[in-house]
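Notes follow once the structure below has been shown.
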Amino acid sequence: MTGEAPPDGEIRALLRALDGQRRHIVGILDGLDEDALRQAVLPSGWTCLGLVQHLALDVERFWFRAVVAGEKDVIRALDDNDDAWQVGPDLTAADVLGRYRHETDLADAVIAATAADTGLAWWPHHLFGEPHLHNLRDVLLHVITETACHAGHLDAARELIDGRRWMVLT
């Protein structure tokens, strides 16, 4: 993607907002050991690692590499993952967090190479019907919202695990 024009001001602003949420995702987990990252603390049973893997595969990879860029190998691989929320014992926390960082880097490359009004390259009509998002701008806003929502979930999980809070306003 070398030689692409840098994203316009609007996209840079949206990307800064997304980066802030991505940093929150990784930061709120800092200092937790493998056992804590695999501990389910809410009745639904998800774990911190499961949520990060969901963000890597179902959010960053799906929305940017499949939907926006239409990468054929990513689209074909979507069916290979039964449940991104489940992290097998063969994957370490470093593996899952590394994959999240890697997918965010790949997503950033897609964003840098795509104009804000560019339409979706691919959409799984057979699963979701007609798309409710229509261009990169829409996808960025959706991913910012979803990532922020999950950052809040991780805040609650972290506080239940060891009492640590990300931001305390007094």
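The values are calculated or read from the model by the stated rules, or taken from the named source; none is laboratory data. Predicted model only: the values in this text are computed from it and were never measured. When we count neighbours, we look across all protein chains shown, and the Cβ atoms used for this are built from the backbone with ideal geometry, even at glycine. Surface accessibility is based on the protein's heavy atoms, side chains included, excluding ligands, DNA and RNA. Shrake-Rupley method; radii C 1.70, N 1.55, O 1.52, S 1.80 Å.
Couple of notes before you dig in:
- The per residue volume of the convex hull around the alpha-carbon atoms of segment 83-170 is 167 Å³.
- Selection from Gly20, Gly45, Ala93, by position along the positive dipole direction of the chain (Cβ): Gly20
- Global form of segment 7-102, assessed from the alpha-carbon gyration tensor, a/c cut-off 1.5: oblate
- For segment 1-152, the carbon plus sulfur part of the accessible surface works out to 53%, probe radius 1.4 Å.
- Distance between segment 5-26 and segment 140-170 - C-alpha centres, whole angstrom: 17
- Put Phe128, Phe64 in order of accessible area, highest first, and with a 1.4 Å probe you get Phe128, Phe64.
- Under the span-like rule (Cα at least 30 Å along the axis, Kyte-Doolittle mean at least -1.0), DSSP H helices of the chain: 9-29, 136-162
- Spin-label model, Ala115/Leu160: points 7 Å from Cα along the beta carbon direction are separated by 4.6 nm.
- Debye log10 I(q)/I(0) for the chain, one point scatterer per Cα, at q = 0.12, 0.20 Å⁻¹: -0.57, -1.34
- Calculated accessible area for the chain comes out at 53 Å² per residue, all protein chains present (probe 1.4 Å; ligands, DNA, RNA ignored).
- Stretched out straight at 0.36 nm per residue, the stretch from Asn135 to Asp19 would grow longer than its current Cα-Cα span by 39.8 nm.
- Projected area, mean over directions - segment 64-121, Cα convex hull, nm²: 4.6
- Full extension of the segment from Arg38 to Leu78, taken as 0.36 nm per residue of separation minus the current Cα-Cα distance, would add 12.0 nm.
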